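A.B. asks: Here it is, the structure in full.
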Amino acid sequence: MKRVSRDSTALHYVFLGQFSFTFFTIFCYRRAWLLFILLFCVVIQPQAVSEVNSNIALEEHIPLEMITATANDDVKVGEEHLPQAIVEAPDVAKLIVTLPLDKASMMLDKALSIAKAESMLPMTVVILDAGGHIVALKRQDGAGIFRVELANAKAYGALGMGVSTGIMGERLQNRPVFAGALTGISDGQWVGVPGGVLIRNDKAQVIGSVGISGDTSEKDEYVAINAIKAAGYYPEPLEANENWRGTHL
C-alpha cells in the first residue's frame, strides 16, 4: 500500500495542539478552556485534516476519497478501490481476442465448401485478426505453392488500407506510382485484385480479414464474402461481382 508523508508537519501540529490543550484544561479546571477545546476538536481539527488531505490529493493526483489521515501522520491510498479483476489478475495476462478461433475455423471450412460446390480450382484461405496475425489457414490439395503468400497478401493488404483489395485495385488503376509505393511499404504483402475482404462485426468494426487465392480473383472474392456471412459477420464489400461465374483463368 502506498504511503504519502507530505504535509505531515501540519498534522503534527494539529494533534500536538489537541494534546496540549487537553492537558492544560485538566490542570487549570477552567470551563472556558474546556469550551474552547471542544470547539477545537469539533471544528478546527477536522478542517485542518481536510485541508491537508486536499493538498495531498492535488499534488499527488490521487482522488480525495481514496485518502485517509491516521494518527501517525501517514496518508494511505486504499487498495480496496482497485477493480476486483485487477486484484485477482493472473500472473500471465490474456490478450483481447477480436476474432475467435472457432469463428475463423467456421469461415475457413465454409469457404472450402463453397469452392467445392462451385467446382472451383484448389483454394488457399488465410484468415487474419485485426492485428494482421494468422488465425487460421488451409491450402487444398493441388493448390500452387505461391497461393499461401498470395492469399495472405490479399488479407493483409485489406487490413493495411482499410478497404477490400478489389475496391482498392479499382481506385489505383490510374495511380501506378501509389500502387507501387504500397507494394514497397508492405514488403510485397499487398495485391490490388479482388480476394482480400474485411470482416466486420455488427458495430461496423473491422475485426479481421479473409484472403483467398486459387481461382479467378472474382471467384476468390465471392467465396470470401459468403464465408464471412456464414459466420454471422459482415463483409466489406457486402456483395460480390454479379458476373463472378463468368470469369475464367
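Each row is one residue, and each column tells you yes or no for (1) charged (D, E, K, R); (2) closer than 10 Å to Gly211 by Cβ.
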| residue | (1), (2) |
| --- | --- |
| Leu112 | no, no |
| Glu118 | yes, no |
| Pro122 | no, no |
| Val125 | no, yes |
| Ala136 | no, no |
| Asp141 | yes, no |
| Leu150 | no, yes |
| Ser164 | no, no |
| Leu182 | no, no |
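A.B. asks: Regarding Thr216, is this residue β-branched (Val, Ile, Thr) and open to solvent by less than 30 Å² (accessible area, probe 1.4 Å)?
C.D. replies: So Thr216 passes the test.
A.B. asks: So, of the residues in the stretch 92-112 that are open to solvent by 50 Å² or more (accessible area, probe 1.4 Å) and in contact (Cβ under 8 Å) with a residue 60 or more places away in the chain, which turns out to be nearest to Ala130 (Cα to Cα)?
C.D. replies: Step one: filter the stretch 92-112 for residues open to solvent by 50 Å² or more (accessible area, probe 1.4 Å), giving 92-98, 101-103, 106, 109-110.
Filter once more, keeping what is in contact (Cβ under 8 Å) with a residue 60 or more places away in the chain: 98, 103, 106, 110.
Working: Thr98: 7, Lys103: 14, Met106: 17, Lys110: 20 Å.
Ranking the qualifying residues of the stretch 92-112, first place goes to Thr98.
A.B. asks: Which numbered condition trips up Ala240, out of (1) modelled with pLDDT of 90 or more; (2) assigned to a helix (DSSP H, G or I); (3) among the small types (Gly, Ala, Ser)?
C.D. replies: Going through the list (1) modelled with pLDDT of 90 or more; (2) assigned to a helix (DSSP H, G or I); (3) among the small types (Gly, Ala, Ser), Ala240 breaks only (2).
A.B. asks: Just to verify a result, which residue in the stretch 168-195, among those that are of a type in the set (D, E, K, R) and part of a helix (DSSP H, G or I), is farthest from Phe146 (Cα to Cα)? Let's see the steps before the verdict.
C.D. replies: Taking the stretch 168-195 as the starting set, the residues that turn out to be of a type in the set (D, E, K, R) are 170-171, 175, 187.
Now narrow it down to the ones that are part of a helix (DSSP H, G or I): 170-171.
On the way: Glu170: 23, Arg171: 26 Å.
In this case the residue turns out to be Arg171.
A.B. asks: Here's a follow-up. Which condition does Asp129 not pass, out of (1) touching a residue at least 60 places away in the same chain (Cβ under 8 Å); (2) open to solvent by 50 Å² or more (accessible area, probe 1.4 Å); (3) in contact with a Leu (Cβ under 9 Å, 6 or more places away or on another chain); (4) of a type outside the set (A, V, I, L, M), if it passes all the others?
C.D. replies: Here Asp129 meets the rest and fails (2).
The values are calculated or read from the model by the stated rules, or taken from the named source; none is laboratory data. Worth saying up front: this structure is predicted, and the values here are computed from it rather than measured. Because the Cβ atoms are built from the backbone with ideal geometry, glycine has one as well, and the counts that use them run over all protein chains shown. Each accessible area value is taken on the protein alone, full model and side chains, heavy atoms only, with ligands, DNA and RNA left out. Shrake-Rupley method; radii C 1.70, N 1.55, O 1.52, S 1.80 Å.
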